[in-house]
1. Give the accessible surface of the stretch 250-363 per residue, rounded to a whole number of Å², with probe radius 1.4 Å and ligands, DNA and RNA excluded.
2. For Val161, which sequence-distant residues (separation of 5 or more, or a different chain) have an amide H within less than 5 Å of its own amide H, given hydrogens modelled in the peptide plane?
3. Over the heavy atoms of His76, what accessible area does a 1.4 Å probe trace out, to the nearest 10 Å²?
4. Of Lys465/Lys550; Lys152/Lys368; Lys135/Lys404; Lys66/Lys469, which ones are farther than 29 Å apart at the Cα?
5. Report ³J(HN,Hα) in whole Hz for each residue of the stretch 325-336, in order, from the Karplus equation J = 6.51 cos²θ - 1.76 cosθ + 1.60 where θ = phi - 60°; Gly and Pro get x.
6. How do the peptides 529-536, 387-394 rank, highest first, by the average count of neighbouring beta carbon atoms within 10 Å per residue?
7. Kindly write out, for the stretch 286-291 in residue order, the coupling ³J(HN,Hα) from the Karplus curve 6.51 cos²θ - 1.76 cosθ + 1.60 (θ = phi - 60°), rounded to whole Hz, with x marking Gly and Pro.
8. Modelled label-to-label distance, Ile492 and Asp153, 7 Å Cα→beta-carbon offset: nm?
Amino acid sequence: MVRRSRRQKLQKLTRLCRQEEGLRVKRSCPSGGLEAGNEKEGGNPVSVQLFPPELVEHIASFLPVKDVVALGQTCHYFHEVCDAEGVWRRICRRLSPRVRDHGCGARPWKRAAILNYTKGLYFQAFGGRRRCLSKSVAPVLAHGYRRFLPTKDHVFILDYVGTLFFLKNALVSSTLGQIQWKRACRYVVLCRGAKDFASDPRCDTVYRKYLYVLATREQPAVVGTTGSRACDCVEVYLQSSGQRIFKMTFHHSMSFKQIVLVGQETQRALLLLTEEGKIYSLVVNETQLDQPRSYTVQLTLRKVSQCLPHLHVAYMASNQSSTLYITDQGGVYFEVHTPGVYRDLFGTLQAFDPLDHQMPLALSLPAKVLFCALGYNHLGLVDEFGRIFMQGNNRYGQLGTGDKMDRGEPTQVHYLHRPIALWCGLNHSLVLSQTSDFSKELLGCGCGAGGRLPGWPKGSASFVKLHIKVPLCACSLCSTRECLYMLSSHDIEQFPVYRDLPASRVGGSPEPSQGTGVFQDPRGTAQACKEYLSQIHSCLTLQDRMAKMKEIVGWMPLMAAQKDFFWEALDMLQRAASGSSPGTSNPES
């Protein structure tokens, strides 16, 4: 009886072992199919493709975001699994269970999940004993971070669904029981339906007492109409408490997308950019905003839209005494309101009109401008090829040109290319760039007083790498007197917008690839060579073709010895062609 029970247990255990061997899962690519197992093992491995796709997607959704991305790069099958919207829908609900509006686009759930996974606001204080990178509190309701603005006491963040968050500084208790002052550690929702917001354009946050919010609000129906209408409005909040103190509503036929401020407190001009690319302005007195009264302000068309009605403005930037406009075609126009800033920017007062401050001035650039940064008396421009141009006052080396000579016209900084973000302050500039291994680094130049250039207290006339750890998904930055802020967010729908510079416009020799020392050809070499051939073919005589070929050799990204060789060879051919007698047959000519 005992032997029989032992024999039954042994047979049962053997059956369980064989079943376990038969259920072994082996990952394979789609082309692999079922693979034959070893006959000695007693069972065949089963491909993961035999499982229902819903089950595999459900299992993959429990992985961290970085592991899902890494798994999707292993083979074609897992790429399709990890790229499914069902996986990212579950990940998004796990990361942000309170976010209901996942946005729109081709991949809404994947975009929403990555936006909420990469969102973060980082800051590093210039003073104090602890000079390390810290992270602010992350609002649970925030759907990614679109832009931010530090004010006198707090920080404001706008997400991708139009919710404006108020991040407060407060006294908190540390782990050791000590009371300490901490930045951006509490948050509240300031308002919803916001499109854009702005404050005093000066670099010093002490002047940022009010926050102007461009938002959309539902207005009740008036007599003779049915239903409510959505109207744009500007709401003014106290930055210290978040209390709304003023509101102005526009006609429902006018729709705006951006707001900037310019001018002094008593004559604060609000510039509003419409969806059609027109600019309107109105003037308010900030010293009277907190008084409980109602009055009407006049909304007028800005002179840049009056004089140049064909222009479609896409972006605006401003400081206290100047405004910069970028059109949809990449053109740049300037308004300068004070003679001192005009002299710093252009080096002369010849074209300055003290009676007409709104007359736009066109800046001449060789390519389309994508974005810009405007400081007090200097500016930076980035064109479609990723080149950086600086202009203005260079007393502290804030232009990054290696010297301290002012520039009255845009001057290229040749050693910097394809920046992610550019920022210009009072007397220093910052550039956020990406290295070859896709990590981020922060470069700075200009005045280093007060720790504003970490690692370079004496400043620098050239852009140098700052001693600060940059988040992997950093996309924008801002510097104040006390702190350096970096916003982290990654939007998969924002593709790289830079183009490859044609070889005909490349000056100098190419840079060697890191670690190899071998000079690499530009990616647009084939197209550039076709352009060179067409230029040579358009020349009528042999002498003109030789001269054009010499010019092209100077344009091409070759080493100095290679250029000298081609120039000398072309000179020999040109002398031989010009020295041939008329009677001698020269079919090649």
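1. 47 Å²
2. Result for Val161 returns His143.
3. Roughly 110 Å² of His76 is accessible to a 1.4 Å probe.
4. Numbers: Lys465/Lys550 38 Å; Lys152/Lys368 36 Å; Lys135/Lys404 36 Å; Lys66/Lys469 20 Å.
Correct reply: Lys465/Lys550; Lys152/Lys368; Lys135/Lys404.
5. Residue by residue, the stretch 325-336 yields 10, 10, 7, 5, 8, x, x, 10, 10, 10, 10, 10 Hz.
6. Working: 529-536: 13.2, 387-394: 23.8.
Descending packing order for the listed peptides: 387-394, 529-536.
7. 5, 6, 10, 5, 7, 7
8. So the two model labels end up 4.2 nm from each other.
The values are calculated or read from the model by the stated rules, or taken from the named source; none is laboratory data. This is a predicted model, so every value here is computed, not measured. FYI the Cβ positions are ideal-geometry reconstructions off the backbone, even for glycines, and counts take in every protein chain you see. Just so you know, the surface numbers come from the protein's heavy atoms only, side chains and all, with ligands and any DNA or RNA stripped out. Shrake-Rupley method; radii C 1.70, N 1.55, O 1.52, S 1.80 Å.
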